[in-house]
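Single-structure report; data block below.
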Amino acid sequence: MTGRSACATSATGPDPAQGVAFATRDATSVLNHLSMARTTNSTDPATARRKTTSANTDTKANGKAAKKPKQLELALKQWGGARKGAGRKPKNGRAAGVQHRSRGSLSASHPAHVTMKLKSGLPRLRNTDEYAALRTAFTRGKERFGLRLTHYVVLNDHIHLVVEAADRDSLRRGIQGLAVRIAKALNKLWRRQGKVFADRYHDHVLRTPREVRNALAYVMHNAKKHEAEGRMVRQPHAIDRFSSAPWFDGFVERFTVRGIDVTIRPVANARTWLLTKGWRRHGLLPFDTATATATGTG
């Protein structure tokens, strides 16, 4: 009978009550898992921070502190600073020109000695046509932008000027304007274009009567100095005709220049005390170069 009951049960399929029991147990297990998940996610932030702090403390206690992230450096091309080949490049292939440093102060009562150097490879300036172009430029630019051109001498590749200016800005603007006039006149004569002067002008402020006298002696006798050094300069006359010497009244000797009365004066009259009276305290300039130098430096 027992065997028949088992066979009967097998034949008729699984027991419905037993299936219901299994389903109920599975549902209860799923609900328990969901409840645990909600409990874990609902932990307050303070508790989470305490747990984190506890974990960090345990890590430090074990001597295994967390390493800070290292900032990586990106190698970029740098400009400026001390390095090989830095600095102003020479224009003549040998040495740099006038340095770009701050120029000294200049007042209206102090004249200045200015030097303007010609670019290499150009014709010489101590020729009749070149000097005529220069003298025209001097005549037109002798009193411009607060600058007064009072004395000058023209050499083969550079020019010396003695000027007066109201201030540093007037000197800069006046010399730049004069340089433009000279460059245009020479380029027109030479039928060329481009730069004429090699570099910026150089200036020296004359602050004492002795300095002014030495500068005047240097300008008036510079051609004789170059001739004595064999630098392809000739001055056959007592005064240099490629300078403002024909209009200079500070020589010891008296002289006359033929045609000077009908020639337009290429220089302006000096106004500062140093250039009109001050330098004469140390004596007028003689024609002789050695005497002028010895008297001027004594």
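The values are calculated or read from the model by the stated rules, or taken from the named source; none is laboratory data. Everything numeric here is computed off the predicted structure, so don't read it as measured data. Glycine also receives a Cβ, built like all others from the backbone with ideal geometry; neighbour counts cover every protein chain displayed.
Some notes on this structure:
- Identity of the residue in the range 180-210, under 27 Å from Trp273 (Cα atoms) and aliphatic (A, V, I, L, M), that ends up surrounded by the fewest Cβ atoms within 10 Å (Cβ to Cβ): Val205
- Selection from the range 165-176 of residues that are of a type outside the set (Ser, Thr, Tyr) and surrounded by fewer than 22 Cβ atoms within 10 Å (Cβ to Cβ): Ala166, Asp167, Arg168, Asp169, Arg172, Arg173, Gln176
- Answer residue from the range 115-164, given it is acidic (Asp, Glu) and surrounded by fewer than 20 Cβ atoms within 10 Å (Cβ to Cβ) and is farthest from Arg191 (Cα to Cα) among those: Glu143
- Within the range 133-149, the set of residues being more than 12 Å from Ala183 (Cα to Cα) and of a type in the set (A, V, I, L, M) comprises Leu147, Leu149.
- Test: residue in the range 96-108 that is among the small types (Gly, Ala, Ser), at pLDDT below 90 and within 23 Å of Gly278 (Cβ to Cβ): yes
Each row is one residue, and each column tells you yes or no for (1) among the small types (Gly, Ala, Ser); (2) over 17 Å from Arg200 (Cα atoms).
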{"position": "Val114", "(1), (2)": "no, no"}
{"position": "Leu118", "(1), (2)": "no, no"}
{"position": "Phe138", "(1), (2)": "no, yes"}
{"position": "Gly141", "(1), (2)": "yes, yes"}
{"position": "Arg148", "(1), (2)": "no, yes"}
{"position": "Tyr152", "(1), (2)": "no, yes"}
{"position": "Asn156", "(1), (2)": "no, yes"}
{"position": "His160", "(1), (2)": "no, no"}
{"position": "Asp169", "(1), (2)": "no, no"}
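- Evaluated against (1) at pLDDT 95 or above; (2) part of a loop (DSSP other than H, G, I, E, B); (3) buried (at least 16 other Cβ atoms within 10 Å of the Cβ), Asn269 falls short on exactly one condition, (3).
- Residues in the range 252-262 that are out of contact with any helix residue (DSSP H, G or I) (no Cβ under 7 Å at 6 or more places or on another chain), surrounded by fewer than 13 Cβ atoms within 10 Å (Cβ to Cβ) and β-branched (Val, Ile, Thr): Thr256, Val262.
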